[in-house]
Amino acid sequence: MGLLATRKFFCLMGAAFLAYANISVFFGFYDHLRSLAIDPADYGVLIGALAAVALLVRPVISPFFHAGNARPLLFLGTGLAVISLAAYSLANGFWSLLLVRLLHGISFAVVGTALMTLIVEVIPKDKSAQFFGYIAVVTLIPNTLVPPFLPLLGNLLGGFNRVLLAFAALTLLMFPLVWAVEEKVSPETARKRASALTGREILEDLRDPRVLRILLAMLMLYCGHALIFFFLDGYGSFIGVAYAGVFLTLSTVGEIGVRLVAGSIFDRWDKIRLAIWTLAGLAVCYFLLAHVSGKGLLFALGLFFGLGWGIAMPIFNGMMFDVSKPRFRAFNINLGLQMFQAGFFLGPIIGAPILAKWGYGTIYYLCAGMSLFAAGLMLAQRKSSLNDIMEQ
């Protein structure tokens, strides 16, 4: 219970839940855009603007976040998030809505970076993967709970803008949660923690091949995840399976279930070996997905993909935590989170032309290849670790 029995842990998990809840509410954003006098050709720009800004801003600001300033910056990001959510009700045209989306993207980048900087401070070194599994569960829950209730909330509150105002009010709860994570430290400790990374330190960190291999493997994992997420609905129609979205529901159940039930073994087993076997298993699932013909196997694969993603994601974050020097942990974990954004940005860009020319099967063969490539990177990581042990 030591991992979970601290006030700081509960407060940070609550703040993370609220941060992702005010993103999951945009499941209904497309329908909202259809109600406005905006050219449908511009919908994609408005939908993707938030993620694009977060993708660009987060790596720029991450070196400047540290344990000494993360808390006030989290206050700032939360205030910007509340303002952004409230401002949607004032935006009715393309440019005004784009401005709000850009502000919201900046606020999400600040909140996410500050939260992770604080979270890294409370992660027990011997339970890093388990801890990241719990974090992932907390961030998945809003995507499971919020979307089904959006139509009901819209009817009760009087439209999507009113729902966003309600979520702005809900986000205000982050302030007392952030306030409660304050801890008393000695002036000497505070001085050591209160410094941004220098350019030389960043270069030193990024020259570490262990860090680079994990980042590249994470990018491969998330690109494959994105290619399923964005093209699954069309694939279901192509093979004649209705309600293909059940696949994603089952995958989410698998992700949450394996992290809650088996999360404690992630740190007891060899993380690199577990990553290799999980990535190899995902490659097999991608290959089978390219040949699936009925809903039974499709939905079963959804559950197996969820188990694979549910293991791989916290394992990668745990490995990143383990190989990083304490000074670089928050920065590297934030870089790892950027790989998720990068995968969901690159996945559709890669997948769309492949789909147009060669079809769905080729997309999933590509995903299998990327998963095997990531497994190869982890084999190299294992060899490097064994060499380091022998040299010692």
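The values are calculated or read from the model by the stated rules, or taken from the named source; none is laboratory data. On a predicted model such as this, the values are computed, not experimentally measured, just so you know. Glycine gets a Cβ as well: all are built from the backbone with ideal geometry, and neighbour counts include every protein chain shown.
Looking across the range 57-79 at every residue that is surrounded by 23 or more Cβ atoms within 10 Å (Cβ to Cβ) and not small (Gly, Ala, Ser), the one that is farthest from Ile106 (Cα to Cα) is identified as Phe65.
Look at the range 295-308: where a residue is closer than 15 Å to Ala262 by Cα and a partner is β-branched (Val, Ile, Thr) and in a helix (DSSP H, G or I), sitting 6+ places away or on another chain with Cβ atoms under 7 Å, you get Gly306/Thr252; Gly306/Val253; Leu307/Val258; Gly308/Thr278. Taken over the range 34-60, the residue count meeting the criterion of being under 23 Å from Ile333 (Cα atoms) and of a type outside the set (Gly, Ala, Ser) is 8. Only one of the listed residues (Phe373, Phe331, Phe340) is surrounded by fewer than 21 Cβ atoms within 10 Å (Cβ to Cβ), within 19 Å of the chain's Cα centre (by Cα) and either in contact (Cβ under 8 Å) with a residue 40 or more places away in the chain or assigned by TED's automatic domain parsing to the domain that holds Ala290 (or both). That residue is Phe340. For Leu216, are the conditions met, namely being surrounded by fewer than 19 Cβ atoms within 10 Å (Cβ to Cβ), without any contact (Cβ under 8 Å) to a residue 60 or more places away in the chain and in the same structural domain as Gly318 (by TED's automatic domain parsing)? In short, no. Per the listing Val45, Val120, Val111, Val138, the residue uniquely over 18 Å from Met13 (Cα atoms), part of a helix (DSSP H, G or I) and among the hydrophobic types (A, V, I, L, M, F, W, C) is Val45.
On the stretch given as the range 330-381, residues that are farther than 30 Å from Glu121 by Cβ and in a helix (DSSP H, G or I) total 31. Closer than 30 Å to Leu18 by Cβ, at pLDDT 85 or above and either touching a strand residue (DSSP E or B) at 6+ places or on another chain (Cβ under 9 Å) or of a type outside the set (Lys, Arg) (or both): is that true of Ile202 in this structure? It is false that Ile202 is closer than 30 Å to Leu18 by Cβ, at pLDDT 85 or above and either touching a strand residue (DSSP E or B) at 6+ places or on another chain (Cβ under 9 Å) or of a type outside the set (Lys, Arg) (or both). Filtering the range 281-307 to residues that are farther than 22 Å from Asp233 by Cβ and surrounded by fewer than 17 Cβ atoms within 10 Å (Cβ to Cβ) leaves only Val284. Here Gly224 clears all of (1) in a loop (DSSP other than H, G, I, E, B); (2) under 30 Å from Val146 (Cβ atoms) except the condition numbered (1). Restricting the first member to the range 141-166 and to residues that are farther than 18 Å from Leu85 by Cβ, and the second to residues that are modelled with pLDDT under 85 and assigned to a helix (DSSP H, G or I), the beta-carbon pairs closer than 8 Å and six or more apart or on different chains are Pro151/Gly28.
Looking across Phe10, Phe17, Phe75, one residue alone is of a type outside the set (Val, Ile, Thr), at negative phi and without any contact (Cβ under 8 Å) to a residue 40 or more places away in the chain. It is Phe10. Contact annotation: residue pairs with Cβ atoms under 6 Å, 6 or more positions apart or on different chains, pairing a residue in the range 107-130 that is assigned by TED's automatic domain parsing to the domain that holds Ala81 and more than 25 Å from Ala49 (Cβ to Cβ) with a partner that is crowded, with 21+ Cβ neighbours inside 10 Å and of a type in the set (Val, Ile, Thr), are Val120/Ile333; Ala129/Ile315. A single member of Leu250, Leu274 is farther than 19 Å from Ile135 by Cβ and of a type outside the set (Ser, Thr, Tyr), and it is Leu250. Being within 25 Å of Val258 (Cα to Cα) and surrounded by fewer than 21 Cβ atoms within 10 Å (Cβ to Cβ) is a property that Asp126 has. Just wondering, is there one or more residues in the range 311-318 that are surrounded by fewer than 21 Cβ atoms within 10 Å (Cβ to Cβ) and closer than 24 Å to Leu372 by Cβ? No, the range 311-318 contains no residue that is surrounded by fewer than 21 Cβ atoms within 10 Å (Cβ to Cβ) and closer than 24 Å to Leu372 by Cβ. Exactly one residue among Val45, Val25 is closer than 26 Å to Leu219 by Cβ and either among the aliphatic types (A, V, I, L, M) or at pLDDT 90 or above (or both), and that residue is Val45.
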